[in-house]
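Take a look at the structure set out below.
The values are calculated or read from the model by the stated rules, or taken from the named source; none is laboratory data. In this text the structure is predicted, and so the values were computed from the model without any measurement. Here the Cβ is made from the backbone with ideal geometry for all residues, glycine too, and neighbour counts use every protein chain on show. Remember, those area values only see protein heavy atoms, side chains included, never the ligands or the DNA or RNA. Shrake-Rupley method; radii C 1.70, N 1.55, O 1.52, S 1.80 Å.
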Amino acid sequence: MNAVANAALASWALDFRVAAPLLLAALVYMRGWLRVRRQLRDPRDPGRLACFLAGLAVLFLAIESPLDSFDHFFLSAHMTQHLLLMMVAPPLLLLRHPIVPLLRGLPKTFVKEGLGPFLTWPALRRVLRALTSPPAAFALFAVSTIFWHLPAFYELALNSSALHGLQHACFFWTGILFWWPVIQPGPGKAPYPRWTAIPLLLAGDLVNTALSAFFVFSGRVLYPAYEIVRAGRMSAQEDQTLAGLIMWVPGSIIYLIPALAIAVRLLSSDRLVQRPTRVRVQPRPIRSPLPIVKLRRPAQALMLVIALAVMADGFFGNQFAPLNLAGVLPWIYWRFLSVFALLAIGNLFCFACPFTFVRDIGRKFLPARLRWPRALRSKWLSIALLVAYLWAYEALGLWDNPAATACLIAAYFLSALAIDGFFRGAAFCKYVCPIGQFHFVTSLVSPREVRIKRAQVCQSCSTYDCIRGNVHSRGCELNLFQPKKFGNLDCTFCLDCVRACPHSNIAILPSPPAATLLADPYRSSLGRLSKRTDVAVLALVIIFGAFVNASQMVSPVISWALELPIALAAIVLLLCCAPKSFSLGLVPLGVSMWAAHLLFHFAGAVLPASVFTALARSAQILLLDAGLLLSLYIGWRNAQLYSARKLFPAWSILAAALYTFGVWIFFQPMQMRGMLH
Amino acid sequence: MKLVLSLLFAAVLAFADGGAVLFRQQSGPFLVTVFGSPQVGSTDFSVLVQNASDRSPMLDAEVSIAVAHQLAAATHAQATNKLLYATSIRFFRPGEYSLQVRVAQMEKGGAYIDHDIVVSPTPAPWLAYWPCFALVPVAILLFALNQWLKSKRTQRPPAPP
Ligand code: SF4
Ligand code: SF4
């Protein structure tokens with residue numbers, strides 16, 4: 001192969017903004033397909049999956065392959081791209097009834113509560129029915145095809161990436177409309193007879209043939225842009241003829257073969273359609289404890305080794321933070337990874353906590369019999385420690401001081417050992433550890449929680465080993481009784497309860513992020529959150545801490561003297577004027593601010609500068625968007641729950657102000673702490 | 001780690017190749033086309049070098065761009081379209097600049113092109129992220145519509161038996 005061909009084949013765009021939605025669509029479809037397959041008698045329907053994935057692959061090929069890189073140089077490449085967008089990807093995506101697997105692949109609640117009202121909205125259904133009727137679908141398809149190939153508009157699109165994107169979107173979506181009445185992907189009975197697909201396909205072919213013939217026989221170059229920029233020996237006229245032939249021959253085949261197949265099918269006598277038979281889904285048997293249970297000790301041991309290495313380097317290594325493990329690992333990598341693990345799975349840091357590992361070893365020699373003082377059984381002590389930690393991070397420059405970081409880690413080990421070595425249960429985790437409190441609150445937006453699989457099993461249980469423990473495992477040291485546990489607050493993901501339950505009735509199960517903030521039931525060991533001022537203050541410290549912490553790293557730096565009184569006033573105002581649950585409603589926004597801020601430092605450390613600039617800010621804004629939307633939703637539901645509708649506008653203004661402040665911070669030049677550049 | 005991530009994101013690293021054609025000029029045996037949309041901030045430039053006699057693309061040249069007191073080597077590695085040579089230049093002020101392209105190739109020798117370009121001011125930085133910001137009002141509107149539809153559904157009288 002010559003060098004030009006090699007270079008052409010290597011010209012893939014691979015833009016994550018295109019790849020990510022396609023990948024997401026593939027994952028959703030595969031999830032739904034697996035679910036549907038379980039319900040149907042025929043357990044294998046690989047054709048269905050293959051069609052949809054092939055459709056996505058063609059779409060990817062059209063937008064990201066060398067075809068896209070060369071569409072400014074060769075009309076033939078551009079026409080091949082259009083052919084894939086209009087005539088290949090849409091039918092592949094619509095074949096074999098994709099809507100059911102797509103809907104089944106999405107979270108049930110989202111489909112029922114979010115999409116349901118739209119799917120059953122008569123006006124929308126009427127519009128969709130009108131758009132997918134053969135005359136309308138054909139008209140839109142033909143107009144879009146002809147309009148965008150008029151030289152003036154074609155050249156406009158060629159010179160503007162936004163218009164070029166719009167052009168491709170028009171081709172793809174009118175392609176979907178055109179192929180809809182041909183394929184009739186359902187669900188439900190199609191409102192027009194099958195034969196209507198034949199004239200529709202023939203009319204589509206007519207438009208395509210006319211356009212192709214115009215390219216081939218016009219005798220002049222239709223798009224002067226291809227005359228100015230030529231990247232090969234082929235003349236613009238020859239290229240145009242080739243483009244016309246590509247559209248004409250493969251294009252006609254794509255229209256005529258389905259028309260023929262439908263005609264043959266209509267004329268044949270055997271038109272019985274075998275419908276797949278539904279079978280009753282057997283309830284899934286309760287599985288034995290999760291394999292992840294076995295991973296806890298190795299994960300803790302690994303974290304212990306890392307913590308020891310960080311301490312050793314912090315005490316004895318180079319004290320220049322970017323070159324010291326204690327300056328980099330805890331502040332850039334660990335903080336980011338633990339928050340993203342919380343958002344993706346759950347409280348994985350507490351799961352692998354090295355402090356409790358050492359504590360467990362120490363307990364073999366220490367008595368651990370005392371009861372934690374009643375006066376300290378709240379979050380106040382840990383709130384004070386958390387505030388001290390946030391203050392020390394900034395005021396003492398912990399991130400820039402490896403020896404101080406190592407001291408902090410050593411103090412952590414000693415405190416965990418001292419407190420849990422003498423007091424019963426997990427007093428350190430529950431009442432003292434500020435990192436734990438941060439993770440508990442953040443895990444309120446985790447997509448998974450440790451909970452029971454079936455309530456009936458617990459109703460017939462007489463041992464309650466999940467809290468009392470047994471010979472296999474201790475019970476929950478955080479005093480969370482599984483049948484009454486609601487949400488992730490105070491749960492360290494230690495999985496002791498999973499090990500202890502004799503009925504294997506506990507698992508890490510999916511739960512919509514922040515769903516547990518939409519109600520205020522009695523929670524085991526916590527009571528009702530609306531009555532817990534300490535929990536509300538803890539959440540507010542974490543929420544406002546996110547903004548104060550990030551703003552200290554931007555220039556112009558806002559002084560503590562200004563920020564702290566504002567943050568404190570907002571906290572006091574919230575606590576006095578609104579039910580406590582309103583404060584917790586801001587947790588998603590606070591968590592998204594932490595995540596976006598930590599992402600900035602992590603991405604700055606691991607990504608090359610040009611990639612980092614392109615990705616970081618968009619990702620940060622999207623994270624804040626998600627946090628704001630979730631917070632607004634929770635606030636709105638709380639306003640209904642507590643009949644406090646009048647409070648909602650003021651509360652949402654506060655949320656919007658925090659969001660705006662967060663965005664403002666991200667548009668300022670931020671210090672790249674702990675890094676060489 | 002950095003290497004793996006660099007490879008993973010190599011595609012995003014590659015420049016967007018082009019923008020509009022800035023100018024096209026013949027110099028010696030080379031026909032040089034420069035693409036770009038110069039504005040304040042980081043701007044990507046792509047260069048197509050062709051053999052002036054038969055217009056075949058030349059892939060083994062050395063290309064550099066000098067503008068605004070900066071000199072940058074343009075390479076295939078930085079381009080999505082591997083027929084082009086791409087690089088990035090940072091402009092600090094809008095206005096007219098003189099852009100020089102130097103091309104050198106073993107057999108054909110070298111060429112030098114000088115051309116004036118206009119660097120436009122950048123739009124407000126947040127404008128570049130409007131799709132990210134638009135997400136919030138769009139989601140709120142959809143949610144409002146969703147709630148309206150739900151309330152309409154509950155108000156609808158039950159169907160007659
Ligand atoms: S031990 Fe298992 S079955 Fe019994 S109450 Fe606890 S979770 Fe339920
Ligand atoms: S409920 Fe208790 S025992 Fe179970 S994982 Fe959470 S903290 Fe551990």
Given the -39500 (n - 2.57) contribution per DSSP H run of 4+ residues, what per-residue ellipticity at 222 nm results for chain A, rounded to the nearest 500 deg cm²/dmol? -20000 deg cm²/dmol
All other residues with a Cβ under 13 Å from the Cβ of residue A:133 taken together, and with Lys, Arg as +1 and Asp, Glu as -1, what is their net charge? +3
With a cap of 14 neighbouring Cβ atoms within 10 Å, and only residues DSSP puts in a loop, list the trypsin sites (Lys or Arg not before Pro) found in the range A:127-213. A:189
Percent relative contact order of chain A, based on C-alpha pairs within less than 8 angstrom and at least six residues apart? 10
Quick one: which residues, 5+ away or cross-chain, put their amide H under 5 Å from the amide H of residue A:372? H built at 1.01 Å from N. A:424
Among the listed pairs A:580/A:646; A:430/A:484; A:108/A:453; A:379/A:580; A:580/B:152; A:112/A:484, which have their C-alpha atoms separated by more than 20 angstrom in this model? A:580/B:152; A:112/A:484
Check which residues have an amide H placed less than 5 Å from residue B:78's amide H, if you skip close sequence neighbours. B:86
Residue among A:621, A:341, B:117 farthest towards the positive dipole end of the protein assembly as shown, charges placed on Cβ: A:341
Accessible-area value, residue B:21, 1.4 Å probe, nucleic acids and ligands omitted, Å²: 60
Using alpha carbon centers only, the range B:84-123 is separated from the range A:366-390 by a whole-angstrom value of 64
Run the 1.4 Å probe and let me know the accessible area of residue A:491, rounded to the nearest 10 Å². 10
The ³J(HN,Hα) series, computed from each phi in the range A:6-22 with the Karplus coefficients 6.51, -1.76 and 1.60 at θ = phi - 60°, rounded to the nearest Hz and given as x for glycine or proline, is 4, 4, 4, 5, 8, 8, 8, 7, 6, 8, 5, 5, 8, 5, 5, x, 5
With x for Gly and Pro, the residue-by-residue ³J(HN,Hα) of the range A:637-653, computed from phi through the Karplus equation 6.51 cos²θ - 1.76 cosθ + 1.60 at θ = phi - 60° and given in whole Hz, is 5, 5, 4, 6, 4, 9, 6, 10, 4, 5, 6, 4, x, 5, 5, 6, 5
Label point distance in nm, residue A:642-residue A:464, each placed 7 Å from Cα along Cα→Cβ: 3.1
Only Lys, Arg, Asp and Glu count, each charged at its Cβ (+1, +1, -1, -1), so figure out the dipole size of the range A:529-666 about its Cα centre, rounded to 20 debye. 440
Quick check: Cα centre of the range A:1-68 to Cα centre of the range A:443-511, how many Å? 40
C-alpha center-to-center spacing [the range A:395-432, the range A:140-189] in angstrom: 61
Compactness of the range A:19-130 - radius of gyration and Dmax, Cα, Å: 16.8, 52
Dipole of the range A:422-581, positive direction: furthest Cα of A:535, A:435, A:481, with charges on the beta-carbon: A:481
Neighbouring partner chain Cβ atoms per residue of A:160-166, average, 10 Å criterion: 1
Once amide hydrogens are built 1.01 Å from N within the peptide plane, the residues lying 5 or more places from residue B:122 or on another chain with amide H under 5 Å from its amide H are B:40
Per-peptide average of other Cβ atoms within 10 Å, ordering A:364-376, A:73-85 highest first: A:73-85, A:364-376
Taking the full set of protein chains and a 1.4 angstrom probe, give the accessible area of residue B:75 in square angstrom, rounded to the nearest 10. 50
Protein-only accessible surface order, largest first, of A:316, A:138 at 1.4 Å: A:316, A:138
Pairwise FRET efficiency - residue B:26 versus residue B:71, Cβ, R0 = 22 Å, nearest 0.05: 0.45
Solvent-accessible ranking of A:645, A:37, A:424, largest area first, probe 1.4 Å: A:645, A:424, A:37
Across peptide B:128-136, what mean number of C-beta atoms from other chains lies inside 10 Å of a residue's C-beta? 5
Is there a simple number for the mean count of other chain Cβ atoms within 10 Å of the Cβ of residues in A:616-623, and what is it? 3
Calculate the FRET efficiency for residue A:266 and residue A:50 from the Cβ-Cβ distance with a Förster distance of 30 Å, rounded to the nearest 0.05. 0.70
Taking 8 Å as the Cα distance limit and 6 or more residues as the minimum spacing, I'd like the relative contact order of the range B:41-92 as a percentage. 43
For the range A:423-438, in residue order, the Karplus 3J(HN,Hα) values (coefficients 6.51, -1.76, 1.60; θ = phi - 60°; whole Hz; Gly and Pro = x) are 9, 6, x, 10, 4, 4, 5, 7, 10, 10, 4, x, 5, x, 4, 4
Heavy-atom accessible area with a 1.4 angstrom probe orders A:633, A:431, A:393, most exposed first, as A:633, A:431, A:393
Could you grab the relative contact order for the range B:14-119? Cα pairs under 8 Å, six or more apart, rounded to a whole percent. 27
Which value, in debye to the nearest 20, describes the size of the charge dipole of the protein assembly as shown about its Cα centre when Lys and Arg Cβ atoms bear +1, Asp and Glu Cβ atoms bear -1, and nothing else is charged? 5300
